[in-house]
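Here, each number is a calculation from the coordinates, and none is a lab measurement. Keep in mind the model is a prediction, meaning the values are calculated, not measured. FYI the Cβ positions are ideal-geometry reconstructions off the backbone, even for glycines, and counts take in every protein chain you see.
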Amino acid sequence: MAELIEFKNKSGEVLRGLLDKTESDHGVIFLPGLGGTSLRTCFNPIREKILGETNIFRFDFSGSGLSDGYFPDITIRDQTEEAKLAINEFKQAAGLKSIDLVGHSLGGIIALSILSQLSEEIRRVLLLAPALNFKAVIENFTKLKSIQEEDGGKAFFWKNLKIEKTFFLENHDADYQSLLDDVSTEKLLTFHGLKDESVPINSLKILKSKSNFIEVPGGDHSLDHPEIVVSYISKAVKFLKE
């Protein structure tokens, strides 16, 4: 049975995650996307395949899923710091010597950021539909009229998620593919759907050219439909088990 782990971020908000503990000294931590939870369906098939062989930590950022906090205050900088706290808690709770990261969408930004900062501690990073070129993502959602102003431009609604303006000021011109210059790309494996309308695949040309990048035919941004999961799950699990 998974164990609930609780700890606090710099603001004193309680963050939570579920730990599946084994005798292994290796672990895998799942990092969800914008407003999401690590209990999301695209993570579940991977967890099921590695359960019992390695330690697993399904962690939620503040204001999302299991964790406390006010979601509209989200920033990528704060989420990166929360993920680093989660890694420390995971290491202590399970006695880890090495860690892999699995990041979906915005969680892919966090995973790559951590790899650039803690390269000695992170063994591998699996990216699922990573939203690295956030400038292109915001431009795309603006074009699709999925971002609407609120409170005179002080906040925005993005696909029914209220987000403070600070997030857009942080990311309106950001392309986190620049982080690839600071990491060993041999540690990376990416799966990205050819039908991803949230993060267009052509926005990730740098990632595609510098690392192992696998296109998923028919895959959308969620990458969680059973027939799509079957097409990539074996390669994803092999990458984490090698």
Final fewest-first order of 169, 39 on the 10 Å Cβ neighbour count is 169, 39
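Using a Förster distance of 25 angstrom, determine the FRET efficiency expected from the C-beta separation of residue 88 and residue 25, and round it to 0.05. Walk me through the intermediate numbers first.
Values: r = 16 Å, r/R0 = 0.62.
For residue 88 and residue 25, the calculated efficiency is 0.95.
What 222 nm value per residue comes from the helices of the chain, counting each DSSP H run with n ≥ 4 as -39,500 (n - 2.57) and dividing by all residues, nearest 500 deg cm²/dmol?
Values: 7 runs with 77 residues, N = 242.
After summing the helix terms and dividing by the residues of the chain, the value is -9500 deg cm²/dmol.
If you place +1 on the Cβ of every Lys and Arg and -1 on the Cβ of every Asp and Glu, how big does the dipole about the Cα centre of the chain come out, in debye to the nearest 20?
Values: 29 positive and 36 negative charges, 87 e Å.
For this selection, approximately 420 debye.
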Kirkwood-based Rg/Rh on the Cα set of the chain evaluates to 0.94
Short to long, in 10 Å steps from zero, the percent of alpha-carbon pairs of the range 81-139 per bin is 23, 51, 20, 5, 0
The residues 198, 105, sorted from fewest to most surrounding Cβ atoms within 10 Å, come out as 198, 105
Expressed as a whole-number percentage, the relative contact order of the chain with C-alpha contacts under 8 angstrom and at least six residues apart is 17
Charge dipole of the chain built from unit charges on the beta carbon (Lys, Arg +1; Asp, Glu -1), centred at mean Cα; most positive-end Cα among 85, 74, 19 is 19
Counting sequence-distant residues (5 or more places) and residues on other chains, those with an amide H built under 5 Å from that of residue 198 are 221
Treating only Lys and Arg (+1) and Asp and Glu (-1) as charged, each at its beta carbon, one finds that the range 55-162 has a dipole about its Cα centre, in Debye to the nearest 20, of 380
Along the range 8-25, Karplus-curve 3J(HN,Hα) (6.51, -1.76, 1.60; θ = phi - 60°) to the nearest Hz, with x for Gly and Pro, reads 10, 8, 5, 8, x, 6, 7, 9, 9, x, 10, 9, 9, 9, 10, 7, 5, 9
In order over the range 231-242: 3J(HN,Hα) from phi, Karplus 6.51/-1.76/1.60, θ = phi - 60°, whole Hz, x for each Gly or Pro, gives 6, 10, 4, 5, 5, 5, 5, 4, 4, 7, 8, 5
From the Cα centre of the range 170-242 to that of the range 26-100, the distance in Å is 18
